[in-house]
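Written out below as structure tokens is the structure these notes cover.
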Amino acid sequence: MNKIVVWAVIGFVIAVLVSGGLSFMMVSVGARPGFAPIMVGGFLGIFVAYIGGNLAGNRTTPKASGAQRDAALSLTPASDQALLIVYREGFVGMAAGMNVVLDGRPVAQLKSPRFTALSIPAGDHGLQLGFGGLAKAQNRDSEWRFTAAPGEVVAFRAVMAMGALKNAIQVVRVESASPAELDALRSKLSGVAMTAPDAA
């Protein structure tokens, strides 16, 4: 069953149980329930359904091993490959998993703050970031085309920006050409948990 539907059902059940329970308690002490129990139960049910629906696109994401993390933080790609780093920051929607899709293939899902790293062939690539579940309808996907050279570190920073009708995923390519820029990137990532990329 669709996870959003499941959370809608859970929210409805919570609304009924809370409304009924409050009404019963008020009647048992001689008070007239009125609309208050329905309002409280309805609010809680909608709140739970909304939060659950926003997290419906989340999936299990493995934490990187110590060896994977050390290799990523070395920022040393193989000579014939490039190293792609995608990291997410910010408080907005931090519990909703942001899908990282490279060349049409899902490669990771990031909550905030998290990063992932993977070796990629040199050449032209397309990066897409977006959400699943109910969060997808509230946030615009972001797409970025880039060219990776052999031995290059290509890093992107993603953060949510609130919008009037829809939120946007702001993606910025992080400069990583010089030793100083690589040190700054390594320092930034060293305090962030790493999500292991999906297996090929």
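When you check Ala72 against the structure, is it among the aliphatic types (A, V, I, L, M), without any contact (Cβ under 8 Å) to a residue 24 or more places away in the chain and either within 29 Å of Pro121 (Cβ to Cβ) or in contact with a helix residue (DSSP H, G or I) (Cβ under 6 Å, 6 or more places away or on another chain) (or both), yes or no? So Ala72 does not fit the description; no. Right, Asn54: in contact with a Gly (Cβ under 8 Å, 6 or more places away or on another chain) and within 30 Å of Val153 (Cα to Cα) or not? Spelling it out, it is not the case that Asn54 is in contact with a Gly (Cβ under 8 Å, 6 or more places away or on another chain) and within 30 Å of Val153 (Cα to Cα). Test Ala155 against the criterion of being under 19 Å from Ala82 (Cα atoms) and not hydroxyl-bearing (Ser, Thr, Tyr), and give yes or no. Taking the combined requirement at face value, the residue satisfies it. Kindly evaluate Thr147 against the criterion of being in a strand (DSSP E or B) and surrounded by fewer than 19 Cβ atoms within 10 Å (Cβ to Cβ). Yes; evaluated as a whole, the condition is true for this residue. Within the stretch 98-141, if we keep just the residues that are out of contact with any strand residue (DSSP E or B) (no Cβ under 8 Å at 6 or more places or on another chain) and surrounded by fewer than 17 Cβ atoms within 10 Å (Cβ to Cβ), the residue that is nearest to Trp7 (Cα to Cα) turns out to be Ala137.
Residues in the stretch 1-34 that are among the charged types (D, E, K, R) and either touching a Lys or Arg at 6+ places or on another chain (Cβ under 6 Å) or outside any helix (DSSP H, G or I) (or both): Arg32 only.
Residues of the stretch 135-174 that are at pLDDT below 90 and among the acidic types (Asp, Glu): Asp141 alone.
Using the structure shown, decide if Ala15 is surrounded by fewer than 18 Cβ atoms within 10 Å (Cβ to Cβ) and without any contact (Cβ under 8 Å) to a residue 40 or more places away in the chain. It is false that Ala15 is surrounded by fewer than 18 Cβ atoms within 10 Å (Cβ to Cβ) and without any contact (Cβ under 8 Å) to a residue 40 or more places away in the chain. Of the residues examined, Leu44 is not one that is more than 31 Å from the chain's Cα centre (by Cα) and either in contact (Cβ under 8 Å) with a residue 40 or more places away in the chain or within 25 Å of Ala56 (Cβ to Cβ) (or both). Restricting attention to the stretch 150-170 and to residues that are among the small types (Gly, Ala, Ser) and crowded, with 19+ Cβ neighbours inside 10 Å, the residue that is nearest to Gly53 (Cα to Cα) turns out to be Ala158. Looking only at residues of the stretch 173-200 that are free of Cβ contacts under 8 Å to residues at least 40 places away in the same chain and either under 18 Å from Val101 (Cβ atoms) or aromatic (Phe, Trp, Tyr) (or both), we find that the one that is surrounded by the most Cβ atoms within 10 Å (Cβ to Cβ) is Arg173.
The values are calculated or read from the model by the stated rules, or taken from the named source; none is laboratory data. What you are looking at is a predicted structure, and each value in this text was computed from that prediction instead of being measured. For neighbour counting, all protein chains shown are included, and Cβ atoms are generated from backbone atoms with ideal geometry for every residue, glycine included.
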